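Just below is one structure, and these are the notes that go with it.
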Amino acid sequence: MVATTARRARLHPAWIAAGVAFVALLCAAGFRSAPGVLMVPLQQEFGWSRGLVSLAVGVNLVLFGLTAPFAAALMERFGVRAVTSVALGLIAAGSGLSIEVTAGWQLVLLWGVLIGLGTGSMALVFASIVANRWFVRRRGLVMGILTAASATGQLVFLPVLAWVVERSGWREASLVVSLAAVAVIPLVLLCLRDGPAALGVTPYGAPDDPLVDDPPVDNVGSPSRPSATLPDRGPTSGTAGGFTRGTPGPARVALSTLAAAARTRTFWALAGAFAICGASTNGLIGTHFIPSAHDHGMPETTAAGLLAVVGVFDIVGTVASGWLTDKVNPRLLLVAYYTLRGAGLLMLPGLLADSLHPSIIAFVVVYGLDWVATVPPTAALCREVYGEAGSVVFGWVFAAHQIGAAVASVGAGVVRDATGQYTMAWVGAACLCLVAAFASTRVGRPAELVSS
């Protein structure tokens, strides 16, 4: 009955699942834009140091990454809809309760721990699970669109929150984020299913999908082939991709998946490259571009405007990268992205000045296109190499991304304090990007893992 309705509507339920996931991710990104707007009002009202407020953000950043693999295991065990709803509830509670804070430790608990767990449970691993479960064809494109939801959310919420802070205050801005998260929960409960089987349909583009006539293709444009099966790691009640599934608890699944993946060279290549991705984006540019531009005499509002331009082109670049991931070897895409990023960082010290000029605008546009373009090919490689366990593996790879971002954020600040400028940080990150490009060439194929 459901399948017949789907045929008449000529809209595969996979696209509805992707749409709901996009809205949920967009909402989760709302808090990600909040600290930048709320930091100064909190300092002015409570007299807290920037270091204390930054500590809350830092705890959030780390938990955002470390929660992802466990969230993937929880989604496998309890379902995507249940975990996503709880995550939105945590975001709503953390942001809503923050209006009552009176001490710094409360801010760390709410902003850092509670919202960190919530946003981490809806990190890119959530997008990966939705794309992998619901799509055979267009998987890379969908992953790119869902990844772009994060940037879109920040673009939507940032001006709104800034306007609310200016008009009413920081507490009202916190409530805006909280209410937005609450509003999305009914949509998730009503419209998001755990997978195609729940509706009696097949994934979009599967061989027997009645809504798609073209044969399914994988992420490099060739006929679909089976994923890798790693050697069994011990007795289990069920395995997928060689990893323990089913009966163990979510934490054990996440840890056993990490243990199995860590025995492969490919995991370290992906995790190492993605750590450098986080270091060169959120950790370095996202945190230190504005103060570095200010060191060169550029007004902070102008530098912030340039970062907004990065966000705009981030959307374009991520969706385009998802489309390319369906057609081009993801390894080649990663090599190109990291090499281009390294070249840009190498030139940045000579581009910063006290005013806008065409070269710095060109840098911002290109860097924006490359900002998270690495996500769709990285997620595709996790799926290609590790099969059904790919979403959990991607969660650990994403954790490496956030750890890299945290290390770079602190490290660049130390460099600035020691030398009075950021040049060594930019050059060091450029060299690391070249390392990431090389590491991407070391990502193996399923057949290589089976024989290893």
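Give the residues of the range 23-55 that are open to solvent by less than 50 Å² (accessible area, probe 1.4 Å), modelled with pLDDT of 75 or more and more than 30 Å from MET143 (Cβ to Cβ), sorted by residue number.
Of everything in the range 23-55, those that are open to solvent by less than 50 Å² (accessible area, probe 1.4 Å), modelled with pLDDT of 75 or more and more than 30 Å from MET143 (Cβ to Cβ) turn out to be PRO41, LEU42, TRP48.
Assess whether LEU346 counts as being in contact (Cβ under 8 Å) with a residue 60 or more places away in the chain, farther than 22 Å from ILE403 by Cα, outside any loop (DSSP other than H, G, I, E, B) and not charged (D, E, K, R).
Yes, satisfied.
Residue by residue through the range 182-234, note down the ones that are over 26 Å from the mean Cα position of the chain (by Cα), modelled with pLDDT of 50 or more and open to solvent by less than 40 Å² (accessible area, probe 1.4 Å).
Selection gives VAL201, THR202, ALA206, ASP209, VAL212.
Among the residues of the range 118-132, write down those that are open to solvent by 10 Å² or more (accessible area, probe 1.4 Å) and either more than 17 Å from ALA181 (Cα to Cα) or of a type in the set (Phe, Trp, Tyr) (or both).
LEU124, ASN132
Residues in the range 122-138 that are within 14 Å of GLY390 (Cβ to Cβ) and of a type outside the set (A, V, I, L, M, F, W, C): how many?
Qualifying residue count, the range 122-138: 3.
Six or more apart or on different chains, Cβ under 6 Å: which pairs go from a residue in the range 272-294 that's β-branched (Val, Ile, Thr) to one that's modelled with pLDDT of 90 or more and open to solvent by 20 Å² or more (accessible area, probe 1.4 Å)? Could you list them?
ILE276/LEU432
Which residue, of VAL328, VAL312, is of a type outside the set (S, T, N, Q) and within 27 Å of VAL435 (Cα to Cα)?
VAL328
Among the residues of the range 168-181, is any among the hydroxyl-bearing types (Ser, Thr, Tyr), part of a helix (DSSP H, G or I) and open to solvent by 10 Å² or more (accessible area, probe 1.4 Å)?
The answer is yes; a qualifying residue exists.
What are the residues in the range 155-167 that are touching a residue at least 24 places away in the same chain (Cβ under 8 Å) and surrounded by fewer than 20 Cβ atoms within 10 Å (Cβ to Cβ), if any?
Residues satisfying the conditions are LEU155, VAL156, ALA162.
Which condition does LEU351 not pass, out of (1) hydrophobic (A, V, I, L, M, F, W, C); (2) out of contact with any Ser or Thr (no Cβ under 7 Å at 6 or more places or on another chain); (3) open to solvent by 10 Å² or more (accessible area, probe 1.4 Å), if it passes all the others?
Every condition holds for LEU351 apart from (2).
List pairs: first residue in the range 96-124 and within 24 Å of GLU45 (Cβ to Cβ), second residue not in a helix (DSSP H, G or I) anywhere in the structure, Cβ distance under 9 angstrom, at least six positions apart or on different chains.
Close Cβ pairs satisfying both conditions: GLY104/TRP48; GLY104/SER49; LEU107/TRP48; LEU107/VAL101; LEU109/VAL101; LEU110/VAL101; TRP111/VAL101.
So is VAL392 open to solvent by 40 Å² or more (accessible area, probe 1.4 Å) and in contact (Cβ under 8 Å) with a residue 60 or more places away in the chain or not?
So VAL392 fails the test.
Does the range 91-100 contain at least one residue that is surrounded by fewer than 24 Cβ atoms within 10 Å (Cβ to Cβ), of a type in the set (Ser, Thr, Tyr), farther than 30 Å from VAL328 by Cβ and more than 13 Å from the chain's Cα centre (by Cα)?
no
Return the residue satisfying two criteria in turn: it lies in the range 372-389 and is in contact with a Pro (Cβ under 9 Å, 6 or more places away or on another chain) and over 19 Å from ALA436 (Cα atoms), and of such residues it is most open to solvent (accessible area, probe 1.4 Å).
Looking at the filtered set, the residue picked out is GLU384.
The values are calculated or read from the model by the stated rules, or taken from the named source; none is laboratory data. As the structure is a prediction and not an experimental result, all values here were calculated from the model. Methodologically, a virtual Cβ is constructed for each residue, glycine included, from the backbone with ideal geometry; neighbour enumeration extends over all protein chains shown. SASA here: full protein model, heavy atoms, side chains in, ligands and nucleic acids out. Shrake-Rupley method; radii C 1.70, N 1.55, O 1.52, S 1.80 Å.
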